[in-house]
Ligand SMILES: *Cc1c(COP(=O)(O)O)cnc(C)c1O
């Protein structure tokens, strides 16, 4: 068995008690390695740069489900609108409008997650709880018929303090549950909670994650030039 196949199997074994989707985060990695993961049965892949995502989509098998997990600029939405499976990183109303517009042009509905800022780092993107509730109460989603909100995404602080990570994930889960209880909007349903990466996916699963985004544990460390 290849190393990548081994790594995927090992994650799937560790997560088998949970109903969750493993997204293989393949950013910076060459197509051969993605193909190896594909051959091992992996179908969900995550990328954080539009250009790289488009290139890989064009070269690799067409039944791959592509997840956009990185910060997305409005002027780049149209490049991924025809094929993207789920955009995890929706962090503004203006981006939502842009996605809706490009989805309409592409003749489809695009699945999105709203990114929530749960970490203490100020550099991470996302809405805070009150911004999120303001958006949902505004009625805007009703006008955006080519968007479907499937849930929330968040990233915990990069720290060794597992109690802190856990409390950040639990705060996201509680926002998720509150939205589920308080809002009834046709194109919004709380089905997916995207949280957990290589270093913290086990904690995330204990806290209710339904999608884990794992890169280096599958493909090895990344080298940024
Ligand atoms: C890179 C990245 C991941 C995966 O990180 P690893 O630590 O390699 O598992 C997950 N989520 C987002 C948003 C990322 O940018």
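What follows is calculated from the coordinates using simple rules that are stated; it is not laboratory data. Just so it is clear, the structure is predicted and the values come from calculations on it, not from any experiment. Note that each Cβ is placed from the backbone with ideal geometry, even for glycine, and that neighbours are counted across all protein chains shown.
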key: In segment 148-161, the residues that are out of contact with any strand residue (DSSP E or B) (no Cβ under 6 Å at 6 or more places or on another chain) and surrounded by 17 or more Cβ atoms within 10 Å (Cβ to Cβ)   = 155, 156
ask   = Are any residues in segment 55-71 touching a strand residue (DSSP E or B) at 6+ places or on another chain (Cβ under 9 Å) and touching a residue at least 24 places away in the same chain (Cβ under 8 Å), and if so, which ones?
value = 56, 57, 60, 64, 67, 69, 70, 71
task = Those residues that are under 24 Å from residue 186 (Cβ atoms), touching a helix residue (DSSP H, G or I) at 6+ places or on another chain (Cβ under 9 Å) and in a loop (DSSP other than H, G, I, E, B), I need them from segment 138-164; list them, please.
result = 138, 144, 145, 146
ask   = Quick one: how many residues across segment 18-44 are closer than 24 Å to residue 207 by Cβ and either out of contact with any helix residue (DSSP H, G or I) (no Cβ under 8 Å at 6 or more places or on another chain) or free of Cβ contacts under 8 Å to residues at least 24 places away in the same chain (or both)?
value = 4
query = Residue check: is residue 11 closer than 20 Å to residue 83 by Cα, within 13 Å of the ligand (Cβ to nearest atom) and buried (at least 18 other Cβ atoms within 10 Å of the Cβ)?
reply = no
key: Matching residues, segment 71-82, being farther than 14 Å from residue 146 by Cα and crowded, with 17+ Cβ neighbours inside 10 Å   = 72, 76, 80
ask   = Residue check: is residue 33 within 16 Å of the ligand (Cβ to nearest atom) and closer than 29 Å to residue 140 by Cα?
value = no
query = Any chance segment 178-191 includes a residue that's within 16 Å of the ligand (Cβ to nearest atom) and under 23 Å from residue 44 (Cβ atoms)?
reply = no
Filter result (in a loop (DSSP other than H, G, I, E, B), within 11 Å of the ligand (Cβ to nearest atom) and either within 19 Å of the chain's Cα centre (by Cα) or surrounded by 17 or more Cβ atoms within 10 Å (Cβ to Cβ) (or both)) within segment 204-221 = 215
request  = Tell me, yes or no, whether segment 107-128 has at least one residue that is more than 16 Å from the ligand (Cβ to nearest atom), assigned to a helix (DSSP H, G or I) and more than 16 Å from the chain's Cα centre (by Cα).
outcome  = no
Residue that is farthest from the ligand (Cβ to nearest atom), among those in segment 192-203 that are part of a helix (DSSP H, G or I) and surrounded by 17 or more Cβ atoms within 10 Å (Cβ to Cβ) = 203
query = In the set 92, 59, which member is more than 16 Å from the ligand (Cβ to nearest atom) and closer than 19 Å to residue 189 by Cα?
reply = 92
